[in-house]
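Worksheet for the structure shown next.
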Amino acid sequence: MQEWYTAIQSADTIDKIEEVRLAIFGKKGIMAAEFARMKEVPDDQKGTFAKELNVHKEALNNLLLDRKLFLAMAHLEATMKLEALDVTLYSPTVERGSLHPVMETMDRIVEYFTTMNFAVHTGPMVEDDFHNFEALNLPKYHPARDMQDTFYFKDGSLLRTHTSPVQIRTMMNTQPPIRMIAPGSVFRRDYDITHTPMFHQVEGLVVEEEGKVSFANLKFILEDFLKTMFGEVEVRFRPSFFPFTEPSAEVDISCIFCAGSGCRVCSKTGWLEVLGCGIVDPNVFKAVGYEKVSGYAFGLGVERFAMLIHRIGDLRSLFEGDVRLLEQFR
Ligand code: PHE
């Protein structure tokens, strides 16, 4: 028996201790063999024999469990040492991305209007003459088409020059009342410090039963919107012209750089132009087959808002993808 105590003691891996366990306690192990020998033991010695055997059985079993535990602990300790992480090691910082300032501004604008119960509609960027011009009271050869330098395709389709065609599509697909905005990219043949061939607009349109919408409603929502975006600014409506609205206005805010006293950004006028708007021209309603309704519409350039909010001087820098600029908006 003594050699089995030594065998347990000298087993130095978990695998080896398992081998020893089987050799002692397995079906064909020495314990089974010893107990089988009971038959041969004379009756008067059977008691002592069994007693002795049981003492060994228990002692061997205890020793085995101890050894197993010891080996398991040693194994755990070894792996922990091997796989330990040095949390003080230097690691290069991971660069975090962020929304482009134009998209972040767009999100803010959309959030304002959705809070005010406007639905968000979108439309195609490749448009046709009818939706981009004709239905917006801009017949062929109308001089006002020159306001927008259009990219044309060979088949006569075009890249939309504004988000206003989404107004037309929405009106032709649904019945009034309508309360919608249309955010999206628009395209014009232009490139200088304040113009890029692609930029973003948010269009707004409200249509109600005749007489239920006035310029006062338009004025209220735009004033509230501009104060939400720019803080406590003054808002001014200036008579203007758009073919699809009558009367039309351009909206200025007091210059946020010089508080209205006149600087380089506002060309010494104290005002910054930020929006176009007006009461929807009856010809537009005629084009989409609406009767006995009235409504207002507005449109704004998102880049302009982003530049004013973030004080960016050159519009083109928003499109160069220079990470040094973008890093500042994290
Ligand atoms: N579509 C006009 C533009 O692109 C903006 C506008 C929209 C003006 C709706 C009035 C009403 O300049």
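The values are calculated or read from the model by the stated rules, or taken from the named source; none is laboratory data. Being a predicted model, the structure only gives us computed values, none of them experimental. All Cβ positions, even for glycine, are placed from backbone atoms using ideal geometry, and neighbour counts span all protein chains on display. In case anyone asks, the SASA skips ligands and DNA or RNA and just uses the protein heavy atoms, side chains included. Shrake-Rupley method; radii C 1.70, N 1.55, O 1.52, S 1.80 Å.
Surface composition of region 141-184: carbon plus sulfur atoms contribute 55% of the solvent-accessible area (1.4 Å probe, protein chains only, all chains present). Cysteine residues of the chain whose Cβ has no partner cysteine Cβ closer than 4.7 Å: C277. Annotation: peptides 155-163, 272-280, 216-224, ranked by per-residue average of other Cβ atoms within 10 Å with the highest first, follow the order 272-280, 155-163, 216-224. For the pair region 1-76 / region 159-174, the C-alpha centres are spaced 89 Å from each other.
Placing unit charges on the Cβ atoms of the charged side chains and taking the dipole of the chain about its Cα centre, the candidate lying farthest along the positive direction among L69, T115, I256 is L69.
All other residues whose Cβ lies under 15 angstrom from that of F237 are scored, Lys and Arg at +1 and Asp and Glu at -1, for a net of -3. Checking the cross-link pairs K39/K68; K140/K286; K140/K212; K154/K286; K28/K51; K227/K268 against a 24 Å limit on the alpha carbon distance flags K39/K68; K140/K212; K154/K286 as lying beyond it. Taking all protein chains into account, the per residue accessible area for the chain stands at 59 Å² (1.4 Å probe). Ranked by the mean number of other Cβ atoms within 10 Å of their residues, highest first, the peptides 103-109, 245-251 fall in the order 245-251, 103-109. Across region 2-83, the volume of the C-alpha convex hull divided among the residues equals 74 Å³ per residue.
Ranked by the mean number of other Cβ atoms within 10 Å per residue, highest first, peptides 183-195, 83-95, 22-34 order as 183-195, 22-34, 83-95.
With 0.36 nm allotted per residue and the present C-alpha distance subtracted, the K46-N173 stretch has 35.6 nm of extension available.
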